[in-house]
Each structure stands twice: as structure tokens, then as C-alpha cells.
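One structure below.
The values are calculated or read from the model by the stated rules, or taken from the named source; none is laboratory data. None of these values were measured; they are calculated from a predicted model. Using ideal geometry, Cβ is built from the backbone for each residue, glycine included, and neighbour counts are taken over all protein chains shown. Accessible surface is based on the protein model in full, side chains and every heavy atom, while ligands, DNA and RNA are left aside. Shrake-Rupley method; radii C 1.70, N 1.55, O 1.52, S 1.80 Å.
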There are 2 protein chains.
Amino acid sequence: MNPKIEKLIKQFAKLPRVGNRAARRIVLGLLQDKTGRIEKLVDALVDANENIYPCPICGVLTDKNTDCCEYCRDMARANGMLCLVRDLSDVWVLEKSGVFNGRYHILGGLLSGVAGITPDDLNMGNLQSRIANEKITEIIFALPNTVEGKTTQQYIISTLGDTNVTFSELASGVPLGGDLDYIDDGTLSLAFGGRRTL
Amino acid sequence: MNPKIEKLIKQFAKLPRVGNRAARRIVLGLLQDKTGRIEKLVDALVDANENIYPCPICGVLTDKNTDCCEYCRDMARANGMLCLVRDLSDVWVLEKSGVFNGRYHILGGLLSGVAGITPDDLNMGNLQSRIANEKITEIIFALPNTVEGKTTQQYIISTLGDTNVTFSELASGVPLGGDLDYIDDGTLSLAFGGRRTL
């Protein structure tokens, strides 16, 4: 195979969720395309690479020519609620659902002995000052419902110490449309523990 | 979502075998990467886009600074055998298997009324001259075992008319390790029709 093509395939195969076979298909499709798809892809890549940076307040990736991201700029979102998430993709999921209209804070990871992620790796240096500056009254933990998620949550609560902030977490339980037959014991146990009186 | 990021995700989602969700993962991975993966990908894309063209003889994508591709250059491959394939990916598959060591000819498609592919769309203008120039004695059709594949094959044979070339096609039958339980009736019928005396 031509070394230039092989190199390009290798670069694509390194991307998440793209295997070798898919990378070959992608490269072949791009090289045989006559509508300038490579140029468009290159332009978008270069543009994003040069002009995107993490918002210094919350960590959401945003334009470099702005002081902060669209959420931190939006005064309508200054409602005292701060949603802590692991990753930008979680912000996208929440925004798509429209369930939350406050501000975000991206941790960039979860405490994990296995993955070697310590408190220093988390983006939480300015959390204390955000609570004061933005008059935060409630911090909602929207972290994965896993041991790492709960550990991180507990760690952050203990670090923040004495504050007047209410802490909350997403409810655990049976998902909408969930059939009890297909739900694991852990979820069932949480759903029972958190049962609501009707 | 930031418009630059959204644009990049859209470009990735257009690639074959990449959906919206995978495109989001890819873009997030790239933007959060700190090892210069975007630069490497852009370099490989630009390099391939600027320096790759289809070999004027056989259609294999190759370096622009060469007259023809590595297969057409390789005199060891001038063994009188010419393998007709639909696409470059078929060449890669055959090369990986090592079953063929002659030269290739990429048609770039198969005759299809549904897809609107006519003989003019096929890369076969120089097929007649290749047979003479390269002293081809056998043309092997390695086209998909479909109606379109067989129609194209028949069309090419009739177009070439009176030649001293032997035409052959890949054998049809039960694949290696194939369980009769899982094989369709068409394949079974072909396998029975082409049964070998032991």
C-alpha cells in the first residue's frame, strides 16, 4: 500500500471508535471524493485546533476570542445552580435534553486509583471562588453512577467544607421504559431504597 | 454547542461508518488531546490530498511524483495476468492475502441500472491497449458475486470481443469454515453446480 495512504489510515485508526477496517473505508472514501471533502475536513480541524480553548471558568471548550464560554456569559443562567459533570460530552447530553438551565463545571475526570487520577488532576481549583462570585446556592452532581463518581462527589463535598450550598445528586432508579427483567441488582436495590410514597 | 466544534463534528459524521455519536466522541478526543494528534491528522490529510492521484494505467491511488503505481512499475508482476476489481479496497484485500502477484485494473464501479452506472462510468478505456502492451494472457474477474458483478463481467468480455486472452472468474461456493446451516440457497446451488470430482 502507498505509504502516504497507509499513514493517513493509521491516523484515522487511532481515533476513538474507529478501527482499522473503518479507517480504510474512510480514507478510500475521502481520497475518491470529488467534492472537496478533505479540504473541508482539514479547514474545520485547523479552525477548531487554533481557535478553541477550555473556558477558564467552567472548562467547556469554547472560542479563544471570548473571555469565557457561552454558558458562563449567559446571565439568564446565573440562577444559583451549578451542575458538576465529568466531561464536555455530558454537557452536550444535558443541553440536548433541556433539563438544566444553570451553569456547568467540568471536572475533567473522576478520582480513580486504577487510572491514577488524583485530586490534582481534577479541575476544581476555582470551585470555591465560583460559589462566592456566582452566588451558587445549589451544586448538582451529575456524575456517573459508579464508585468513582460517588467517591469524587464525596471528596468534593468534604473539600468544600462549611458552605451554605445545598448539594444534590441525580436520582438513581429504574430508567424510563425499563423492564425489571433487564435491570441489574444494584439499580434495583437503589430503586427500592429510594422508593416514593404515592 | 460551539459552532466551530459543531462544524467539525458534522464533517466527521459525514465519513463512512461514522455516525453522529461517534463523531462527537472523536472530536472531543481530538480537542482534548495534548499530543498534537490534530496536527498529525491534518498533515497526513493534506499530504495525501495533494500528492495522491489514480495511476493512469490501472487506477490504483499512488504518488503524484511517479508515472504509475507500484504494481504497474513492478516488472516481476508483468506475468501476463490482469486482475479486474471494482475498487482499491479489493486490491488491498487481495494484496494482504498474497494470492495474486500479477497486475490490477480498477473499474471504479459496476454496471447498475438502479445506481445509474453506465459503461461510460467504468475505467476501461485503456483495457484493450493494456492487453497488447503488457502481453496479457489471462484476465481474472475478481468482482463481487452479485448480479451487477456478473453483468459487468459479461459486458467487458463482449466489449473486448475477439482476443487471445483467457477469461476467468473467482470460484463460487462454500467459504472455508462455512457451515451449511448458515449458507444461503444461492451459494449452495452454485456450490452444487460447481462440485469437484475427487
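Quick check on the protein assembly as shown: of the DSSP beta bridges with both residues there, what percent are antiparallel, nearest 5%? Show your work: numbers first, answer last.
Details: 8 of 32 bridges.
So the antiparallel bridges amount to about 25 percent of the total.
What does the charge dipole of the protein assembly as shown about its Cα centre add up to, to the nearest 20 debye, if the Cβ of each Lys and Arg holds +1 and the Cβ of each Asp and Glu holds -1? Each step should come with its number before you reach the end.
On the way: 44 positive and 48 negative charges, 44 e Å.
Dipole of the protein assembly as shown, to the nearest 20 debye: 220 debye.
Using a label point 7 Å beyond Cα on the Cα-Cβ vector, give me the inter-copy distances for A:ASP181 in nanometres, one decimal, shortest first.
The projected label point of A:ASP181 is separated from its counterparts by 2.4 nm.
Once R0 is set to 22 Å, what does the formula 1/(1 + (r/R0)^6) return for the Cβ-Cβ distance between B:LYS150 and B:GLU50, expressed as a FRET efficiency to the nearest 0.05? Please list the in-between numbers first.
Details: r = 38 Å, r/R0 = 1.75.
After rounding, the FRET efficiency stands at 0.05.
Reachable lysines from A:LYS64, Cα under 24 Å, same-chain residues fewer than 8 places away excluded?
Within reach: A:LYS40, A:LYS96, B:LYS4, B:LYS7, B:LYS10, B:LYS34, B:LYS40.
Using only Cα atoms and rounding to the nearest 10 degrees, what angle (0 to 90) does helix A:147-160 make with the longest principal axis of chain A?
Compared with the principal axis, the helix lies near 60 degrees.
Name the residues whose placed amide hydrogens come within less than 5 Å of the amide hydrogen of B:TYR104, ignoring near sequence neighbours (fewer than 5 apart) on the same chain.
Answer set, sorted by chain and number: B:CYS83.
List the relative contact order of chain A as a percent without decimals, with contacts defined as Cα pairs under 8 Å and 6+ residues apart.
On the way: 209 pairs, mean separation 25.7, N = 198.
Across chain A, relative contact order equals 13 percent.
If you draw the axis that swings chain B onto chain A, which residue of B has its Cβ closest to it, and how far is that in whole Å?
Checking which Cβ lies nearest the axis yields B:VAL42, 3.
Determine the per residue accessible area of the protein assembly as shown with all protein chains present and a 1.4 angstrom probe, expressed in square angstrom. Provide the component values of the computation, followed by the final result.
Numbers: 22200 Å² over 396 residues.
Value returned for the protein assembly as shown: 56 Å² of accessible area per residue.
Please report the antiparallel percentage of DSSP beta bridges with both residues in region A:54-197, rounded to the nearest 5.
15
What is the percent carbon and sulfur in the accessible area of chain B, measuring with a 1.4 Å probe over the protein chains and ignoring ligands?
On the way: 5770 of 11090 Å².
Solvent-exposed carbon and sulfur of chain B make up 52 percent of the total.
What is the local net charge at A:ILE139, summed over the other residues whose Cβ is closer than 12 Å to its Cβ (Lys, Arg +1; Asp, Glu -1)? Could the numbers behind the result be given before it?
Working: positive: A:ARG103, A:ARG130; negative: A:GLU134, A:GLU138, A:GLU169.
Local net charge: -1.
Computed on protein heavy atoms with a 1.4 Å probe, what is the summed buried accessible area for the chain pair B and A, in Å² to the nearest 100?
4800
For peptide B:84-90, what's the mean number of Cβ atoms from other chains within 10 Å of each residue's Cβ?
Counting other chains' Cβ atoms within 10 Å and averaging over B:84-90 gives 2.
Between the alpha-carbon centers of region B:95-127 and region A:1-31, tell me the distance in whole angstrom.
After rounding, the separation between the Cα centres reads 22 Å.
Quick one: label points 7 angstrom along Cα→Cβ at A:ASN123, distances to the other copies in nm, smallest first?
Inter-copy label distances (nm, one decimal, shortest first): 4.6.
Semi-axes of the equivalent ellipsoid of region A:31-145: what are they in whole Å, largest first, if each equals the square root of 5 times a C-alpha gyration tensor eigenvalue? Please list the in-between numbers first.
Working: eigenvalues 177, 69, 41 Å².
Value: 30, 19, 14 Å, ordered largest first.
Around A:LEU111, under 9 Å between beta carbons, what's the net of Lys plus Arg minus Asp minus Glu among the other residues? It would help to have the intermediate numbers written out before the result.
On the way: positive: none; negative: A:ASP121, A:GLU148.
The answer is -2.
Give the angle, between 0 and 90 degrees and rounded to the nearest 10, that separates the Cα long axis of helix A:3-13 from the longest principal axis of the Cα atoms of chain A.
Roughly 20 degrees, rounded to the nearest 10.
What's the Kirkwood radius of the protein assembly as shown in Å, using all Cα pairs? Each step should come with its number before you reach the end.
Working: mean 1/r = 0.0384 Å⁻¹.
The Cα-based Kirkwood calculation yields 26.0 Å.
Please determine, in degrees from 0 to 90 and to the nearest 10, the orientation of helix A:20-32 with respect to the longest principal axis defined by the Cα atoms of chain A, where the helix direction is its Cα long axis.
Between helix and principal axis, roughly 50 degrees.
For the protein assembly as shown, what is the calculated [θ] at 222 nm in deg cm²/dmol (nearest 500), taking -39500 (n - 2.57) for each run of four or more DSSP H residues and dividing by its residue count? Mind showing how you got there, number by number?
Numbers: 16 runs with 166 residues, N = 396.
Per the formula, -12500 deg cm²/dmol.
What are the nm distances, shortest first, from B:ASP47 to its equivalents in the other copies, labels at 7 Å along Cα→Cβ?
Ordered by increasing distance: 2.6 nm.
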